[in-house]
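The values are calculated or read from the model by the stated rules, or taken from the named source; none is laboratory data. Bear in mind the structure is a predicted one, so any value in this text is a computation, not a measurement. Methodologically, a virtual Cβ is constructed for each residue, glycine included, from the backbone with ideal geometry; neighbour enumeration extends over all protein chains shown. The protein model used for the area step is the full one, side chains on, heavy atoms only, and it has no ligands, DNA or RNA in it. Shrake-Rupley method; radii C 1.70, N 1.55, O 1.52, S 1.80 Å.
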Amino acid sequence: MSRTSRSVPAVALLAVLAGLALTGCSDTKSGAAAVVNGDRIEISTLNNRVKEAVDARESVGARPEPGVQETHDQLSQLVEQQVTDEAAKRAKITVTATEIDDAKRQWEQGNGISLATAKAQDGVPADRVDAWVRTQLQQIKLLQAAGVPLNSQAVPAALARILNDTAKSMTITINPRYGSAWTFGDIAPTVYPWLKPDQLTTA
């Protein structure tokens, strides 16, 4: 047996144990996938969101996302929603139920399909469509408050800047099992600096 074949499992096990140790000593211990300003996003909540997304896609015959990617995306969206709420609160932005209903109706009139059906293809179940619309309206109002034209190509970068700046002033801890840090639209993967390619290939 080569030295490589003996060392790879040991290094892999070290990474797993290190991940468990990091999880145990962080703010995300005891079942939290993330903690945002002290508000826990439980692993059970994340798992339920993933199942709902899978069921929603299946209900309209949409292609499922790979399990790891779905979990990653759902956690990123959960954090994004809380960061958006915080940014809206600071900007004194509110969204009413009437605005949500009007936005849904206008979208459906312009697209000829129910928003619930369209969002099911993206893994959003019917009972969460209103919450999704609310977040979109909050983000639109944040852009308007910042003076960004909604038809401008600068919208994605401007929104990212607004939410990332808000996130930097918040306490956001991601369970290392899922990643290391959140930025708009993404969660950076956990990187173990001692687990390097040369450690896996040394003969």
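Couple of notes before you dig in:
- Placing a pseudo-label 7 Å from each Cα along the Cα-to-Cβ vector at LYS51 and ALA188 gives an inter-label distance of 3.3 nm.
- Modelled label positions at ASP122 and ASP165, each set 7 Å beyond Cα in the direction of Cβ, lie 2.5 nm from each other.
- By the rule of a C-alpha distance below 17 Å, with chain neighbours fewer than 8 residues away ignored, the aspartates and glutamates paired with LYS92 are ASP165.
- In the full protein context, the stretch 62-102 carries 55 Å² of accessible surface per residue, based on a 1.4 Å probe and ignoring ligands, DNA and RNA.
- Ligands, DNA and RNA left out, the 1.4 Å accessible surface of the stretch 85-128 is 47% carbon and sulfur atoms.
- Debye log10 I(q)/I(0) at q = 0.20, 0.21, 0.31 Å⁻¹ for the stretch 105-158, Cα point scatterers: -0.84, -0.88, -1.08
- With a threshold of 21 Å on the Cα-Cα distance, the over-threshold entries among LYS51/LYS168; LYS89/LYS141; LYS89/LYS168; LYS89/LYS119; LYS51/LYS119 are LYS51/LYS168; LYS89/LYS119.
- Over the stretch 108-148, accessible surface divided per residue gives 50 Å², non-protein components excluded, 1.4 Å probe.
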